[in-house]
1. Checking the condition within 15 Å of B:ALA117 (Cβ to Cβ) and among the basic types (Lys, Arg), which residue from B:LYS63, B:LYS91 passes?
2. Filter the stretch B:119-150 down to residues that are among the hydroxyl-bearing types (Ser, Thr, Tyr) and within 14 Å of chain A (Cβ to nearest Cβ) and give me whichever is surrounded by the most Cβ atoms within 10 Å (Cβ to Cβ).
3. Given the criteria more than 10 Å from the chain's Cα centre (by Cα) and either under 21 Å from B:HIS24 (Cα atoms) or hydroxyl-bearing (Ser, Thr, Tyr) (or both), does B:ALA112 qualify?
4. Residues being farther than 17 Å from B:THR25 by Cβ and within 12 Å of another protein chain (Cβ to nearest Cβ): count how many of those fall in the stretch B:87-109.
5. Here are the criteria: (1) more than 14 Å from every other protein chain (Cβ to nearest Cβ); (2) at pLDDT 95 or above. Tell me which single one A:ASN78 does not satisfy.
6. Going through the stretch B:247-261 one residue at a time, which ones are outside any helix (DSSP H, G or I) and either under 22 Å from the mean Cα position of the chain (by Cα) or more than 9 Å from every other protein chain (Cβ to nearest Cβ) (or both)?
7. Could you go through the stretch A:190-198 and let me know if any residue there is within 14 Å of chain B (Cβ to nearest Cβ), at negative phi and open to solvent by less than 30 Å² (accessible area, probe 1.4 Å).
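The values are calculated or read from the model by the stated rules, or taken from the named source; none is laboratory data. These figures come from a predicted structure and were not determined experimentally. Cβ coordinates were reconstructed from backbone atoms using ideal geometry, including for glycine residues, and neighbour counts include every protein chain displayed. For accessibility, only protein heavy atoms count, side chains too; no ligands or nucleic acids. Shrake-Rupley method; radii C 1.70, N 1.55, O 1.52, S 1.80 Å.
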Amino acid sequence: MKLYEHLAKEIFSRNDIPTPKGRLCRNPEEAALAAQEIGPVAIKAQVLAGGRGKAGGIAFASTPKEAEAAAAKLLGSNIRGYPVTKVLVEEKLNIQDELYLGITVDSGARRAIVLASRQGGINIEEVPEEAIVSHLIDPLIGLKRYAALDLGLKLGLKEGLLKEFIDLTLKLYQIFYAYDAELAEINPLAVVDGHLMAADARLNIDDDALFRHPDIEIVDEGSELEKAIKALGLSYVQLEGNIAVMANGAGITMATMDTLQKFGGRAANFLDVGGGAGNEPMAKALELLLDTNPKAVLINIFGGITRCDEVARALIQVKEKRGLKIPLILRLVGTNEEEAYNALKAHGISAFRNMQEAVTAAVTAAQNA
Amino acid sequence: MSLFIDRDTKVLIQGITGNQGAFHTQQMLAYGTKVVAGVTPGRGGREVLGVPVYDTVKLAIEKHDPDATAIFVPAAFAYEAALEALEAGIKLIVIISEHLPLHDTLKLVALAKVKGATIIGPNTFGIIAPSRCKIGIMPNPIYRPGPVGLVARSGTLSYEVAASLSEAGLGQSTVIGIGGDRVVGLTFVEALELFTRDPETEAVVLVGEIGGTAEEEAAAYIKTMPKPVVAYLAGSSAPPGKRMGHAGAIIERGRGTYEAKVKALEEVGAKIAAFPWEVPGLVREVL
């Protein structure tokens, strides 16, 4: 889960990482008041979209009046599809230099990794590899002063800035660890009046560790449909096609989408009903999919732990309740297959045993719909 | 012997009294796995399907000396369950539980190395040596013994592939799920190394997916691997920035794309199946 900049900065600031003076504002009047208090300001849209600056999400103002106007323009606008409801009004920094400092997880090395560079202010992926210094963190040791010192020296930092860099790096790791972060990033790590300051802040928390952090406000940007399906305990992602997809298991759900695309169709969503979903959540999820009015629904079940008769029962339940006006293409093999086919036949529902045939049928049905 | 497990492997089940633990214990027993004991704190002295239950791993070990453990406990407790097994000296730990916090897995992976133990998972379907032993949640009927090693990130997709191999008369030496998380214990590379040394394995099928760099690392190893590899990768149609069910299945900051993985694998001579059902045909070609 990504945290908004203002929340990340609040956490950074609480942990003694210097951040610019700022106020979170919900309307232009608040922005004017903030600017009156702070002086010349930057007004930053609080959205989770990357490349916010380039998309017009940051404005500058030297007077409260200008701040009010800039906030009025930003609030209610859309930045890369994200509506702006809050802006962070922050002191305008007199930046002398921009560095990069981030901690993330290197899944190949299976370690957390510190990355730092003298080239801050741009995405770290765009920085040439030779301009990045890094250190893999042994979780049984943690990040120690000597490792931070080594990084600082490799960056060519000296004296006061070197000392500040070491302190900041250690503090950032403490936050990364204490908050179960996937990413803790300061970009740019600005040099202002000869001191380091977190001009921007990113903190992404591991979704699977949120239960350990009840104090963190959940930022859920999903649609109502996504929230409804997630509430059933299922995994759902909205996509842009017109054939609704439901399968059991992340891999097979992706493979179903991929196959659809290769056969000329497009998935409207990713819906993984999981290994052992009972018929109730499956029926509810199917109804939610039907409510989106797709051209066709493709269900691909390889019954292992998921029993085919359970799947059949879910389908029959939905058909009896609301009828099936949208073409529903079912591929069903595995545990209790015969039982399932008999039950489906009695209710006038046909199914495929072959995945390729089912996908072809779904593409055809969507084209004819 | 197949990788890690065989007919005589004695298996402990942590979380045996839970719904999942009990159900899959029954399935494992039906497959012929020697499930010797279970652990659930507070439930010591009971039996599940004739398997004795203990309060701690230590107590179970004193009586039964298991070779491996399967962890079915909820994610919030899985870290401590794995620590308990590691500290007790169990050398093969299969973590079925999903949604383990990433930082917990990082620590477990590092500790396992210190202890000389292997962790399979988390978020794995487990490991099976067809007709001999299974530790996991995979369906019993789809596997046949044979010369094909199979290693996968995803459960059901691997079942699809295993079933199609079996149907085509291509049995499996060992099938391993490395898990769908961003960080896992046993890696593709380690599994491929083991298959290389395994006299029963003549070819390997790798079932990967978008996200991370596991397939690229596998490709670097396959370059010098003497046995042929066939791969199927899921996620060619997945958009960037979206987590596709598995914690690890996400294209982030331009990394982990389908195209990059296919390119890396093709360059080292692995055969890529465009569809899951093409796998058996490609395996036939390389055998």
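1. Values: B:LYS63 fails: within 15 Å of B:ALA117 (Cβ to Cβ).
The match here is B:LYS91.
2. B:THR124
3. It is false that B:ALA112 is more than 10 Å from the chain's Cα centre (by Cα) and either under 21 Å from B:HIS24 (Cα atoms) or hydroxyl-bearing (Ser, Thr, Tyr) (or both).
4. Residues that pass the stated criteria total 12.
5. Of (1) more than 14 Å from every other protein chain (Cβ to nearest Cβ); (2) at pLDDT 95 or above, only one is false for A:ASN78: (2).
6. Hits for the stretch B:247-261 are B:ALA247, B:GLY248, B:ALA249, B:ILE250, B:ILE251, B:GLU252, B:GLY256, B:THR257.
7. no
Here's the yes/no breakdown for (1) at pLDDT below 95; (2) touching a Ser or Thr at 6+ places or on another chain (Cβ under 9 Å):
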| position | (1), (2) |
| --- | --- |
| A:ARG322 | yes, no |
| A:LYS325 | yes, no |
| A:ARG331 | no, yes |
| A:THR335 | yes, yes |
| A:GLU339 | yes, no |
| A:ILE349 | yes, no |
| A:GLU357 | no, no |
| A:ALA361 | no, no |
| A:ALA365 | no, no |
